[in-house]
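Each remark here refers to the structure printed beneath this line.
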Amino acid sequence: MAEPRVLIVGAGLAGLAAAVGLARAGFASLVVDQARAPGGAIHRQPLPGVAAHGLPAQRRRWQNLRAEVTAEGDRIEILCNHRFAGIDADGVALLTGERSRFIRPAAVILATGATERVVPVPGWTLPGVTTVGAIQTQLKTTGEPPAGRVLLAGSGPLLCAAAAELAAAGNPPVAIVEAGRPFRHAADALALPAGYLAEASAHLARLLLARVPIRCGMHLSRIDRHGDTLVARAEGGGRHLDFAVDRIGLHDGIRPNGYGAAGTTVPVALAGDAREALGARAALEDGRRAGAALAARLAGRPVPPDMSPALERERAAQQRLRRIHAHDLGARLVAIGDDTVLCRCENRTAGDLRALGGDPTDRELRLRGRFAMGRCQGRFCGEWVRRLQGDDPADAPLGAVRLPVRPLPLADLIDAGEPDEEN
Ligand SMILES: Cc1cc2nc3c(=O)[nH]c(=O)nc-3n(C[C@H](O)[C@H](O)[C@H](O)COP(=O)(O)OP(=O)(O)OC[C@H]3O[C@@H](n4cnc5c(N)ncnc54)[C@H](O)[C@@H]3O)c2cc1C
């Protein structure tokens, strides 16, 4: 029987860095990713024939990591187009995809990245309205920006980064609607690490050149569709603005992509944004840390600490960014009317939540309300359900930690057959 390998879920910066860390300590790993190629959120690879994207420093970082993976030879196997569907109490993991299978890994590292947050607003589920990340994905994979007039709205540094990418690709957005007031926080901004400042300056210079207006202290209060046109109303500071556009990208930050691996007998570790959403630099560092820590644990050696000075610096920088983009989220939540969809998987509204009465249990939320029961299993709606209930989502996430981590067709289970003794 072959030596059991470590299963790493996610072939982004954290997953590949963890694989390198393990390989250097003598452990083989299988890295699975549901995407068509390694890269994760930031280094998503273009389709064949499309030019590579991103700032030169980012491209170098990715090329260096790929070279490190290659140098480890057959200690690292990467399997794309396959999704990790969970792991059971006996340590049997299910991978679904072109060749679904059960495997028995020696340990698991979840490097599944982050998901985007979008504060629900009436009309956010209309055709033509997506996350900003989806617009970036289109741009990165095809090299083509969305056609027509684009509006980006929400909060956080990704809005300017994506807007600059659209401008560089030849279709700058008509405006950015930013709920915070980042330009009022000069002291915090200047105290950011040099790399952050250089990236932000490059993006802002591009936006200035392309004359993209940034409407600060405003948020979208509703989106309507009139024929082929989306009409978005932005409000804030006692004024309002209407935008008639073809495409809208929404984004309110990112949160760790919680994937359940609770209650299994094999060691499970988190790495990168899946552990704490601290951005790309931290993901690389944290992946290396997670790989080295798991190798030490498997070899029975002392395990290094969870945080390094470099990770602490990234955490401080992210906290600073959150202060720079801070705004009154409560005011946006109060404005969520009964007709606003919270769960787009099952089309459940804020009114459906309120109809459940004062203090529904999680079971009632699921079975009567159908919240967190759809394809995303609460990864997107869970936060807003909790917040509208007046609870902190961090205290009690309304998400699934069971197998399978997402609903899957029975055919995937049948195709998977019996657990492999070799993995
Ligand atoms: C939409 C989005 C856009 C971003 N854009 C930027 C940006 O422009 N600039 C910037 O500096 N930072 C950006 N970030 C943040 C940055 O991408 C991350 O900090 C960094 O990529 C994190 O690396 P990671 O390896 O932890 O996760 P990721 O790079 O997100 O990689 C996670 C990988 O896990 C895979 N995966 C998830 N679940 C499963 C599963 N069940 N089975 C198999 N595979 C799975 C995904 O396909 C993905 O490839 C963005 C984040 C998001 C979510």
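Read the figures in this text as sums done on the coordinates, not as results from a lab. Predicted model only: the values in this text are computed from it and were never measured. Every residue, glycine among them, receives a Cβ derived from its backbone with ideal geometry; neighbour counts consider all protein chains shown.
Listed values, structure above:
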item	result
On Cα atoms only, tilt of 309-324 relative to the major axis of the chain in degrees	20 degrees
Highest-MSF residue in the chain out of 46, 127, 38 [GNM, Cα springs under 10 Å]	127
Sequence ranges 70-83, 375-388, 298-311, ranked by mean other-Cβ count within 10 angstrom, highest first	375-388, 70-83, 298-311
The range 1-158 - charge dipole about Cα centre, Lys and Arg +1 at Cβ, Asp and Glu -1, debye rounded to 20	380 debye
Charge context of residue 242, other residues only, Cβ under 14 angstrom, K/R +1, D/E -1	+4
Long-range amide H partners of residue 8 with built H, under 5 Å	30, 31, 32, 109
Ranked list, fewest to most other Cβ atoms within 10 Å of each Cβ, for 178, 165	165, 178
Alpha carbon centroid spacing (whole Å) that separates the range 360-392 from the range 228-271	16 Å
Given charges at beta-carbon only (K, R positive; D, E negative), |dipole| of the chain in Debye	1020 debye
Between helix 157-168 and the chain: long-axis angle, C-alpha atoms, 0 to 90°, nearest 10	80 degrees
Proximal charge balance of residue 297 [Cβ under 13 Å; K/R count +1, D/E count -1]	+1
The range 336-388, relative contact order in percent, only Cα pairs under 8 angstrom and at least six apart counted	32 percent
Residue-averaged 222 nm ellipticity for the chain, from DSSP H runs of 4+ at -39500 (n - 2.57), nearest 500	-10000 deg cm²/dmol
Degrees between helix 13-24 axis and first principal axis of the chain (Cα, 0 to 90, nearest 10)	20 degrees
For the chain: relative contact order, % (alpha-carbon pairs under 8 angstrom, 6 or more apart)	22 percent
By average C-beta atoms within 10 angstrom, highest first, the peptides 244-252, 21-29, 220-228, 8-16	8-16, 244-252, 21-29, 220-228
Counted charge near residue 47, where neighbours are those whose Cβ lies closer than 11 Å (Asp, Glu -1; Lys, Arg +1)	+2
Relative contact order computed over the range 156-236 (Cα-Cα under 8 Å; 6+ residues apart), in percent	34 percent
